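All remarks here apply to the structure that follows.
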Amino acid sequence: MNKYYPELDTVSDVLEIIPHPQCRSIAHAIRICNDQNQHIVTKLHAVAAVLL
C-alpha cells in the first residue's frame, strides 16, 4: 500500500482510541483516502459513509 502521508496512520490510530461512535469511521476513511492504490470511487464511498 503506497501512502500519500505515512503520518496519517498515527492519526488514524489515535482517532480509534477516542470513545466517540463516529471516530472509527473517520479513521477508516483517512486510511482509505491516504492509500494511493485505492480507486477514487472507493475513496468517495468512505467519505460519504462518514458524512452520513
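Every number here is computed from the coordinates shown, using simple stated rules; none is lab data. Because the structure is predicted, anything quoted here is derived from the model rather than measured. Positions of Cβ are backbone-derived with ideal geometry, glycine not excepted, and every protein chain shown enters the neighbour counts.
One equal scatterer on each Cα of the chain, no solvent, Debye formula: the resulting log10 I(q)/I(0) at q = 0.14 Å⁻¹ is -0.33. The residue list GLN38, ALA48, VAL11 was ranked by how far each Cα lies along the charge dipole of the chain toward its positive end, using unit charges on Cβ atoms, and ALA48 comes out on top.
Entry note, the chain: relative contact order of 40 percent, from Cα contacts under 8 Å with a spacing of 6+ residues. The label-point distance for LEU44 and VAL14, in a model that sets each label 7 Å from Cα toward Cβ, rounds to 3.1 nm.
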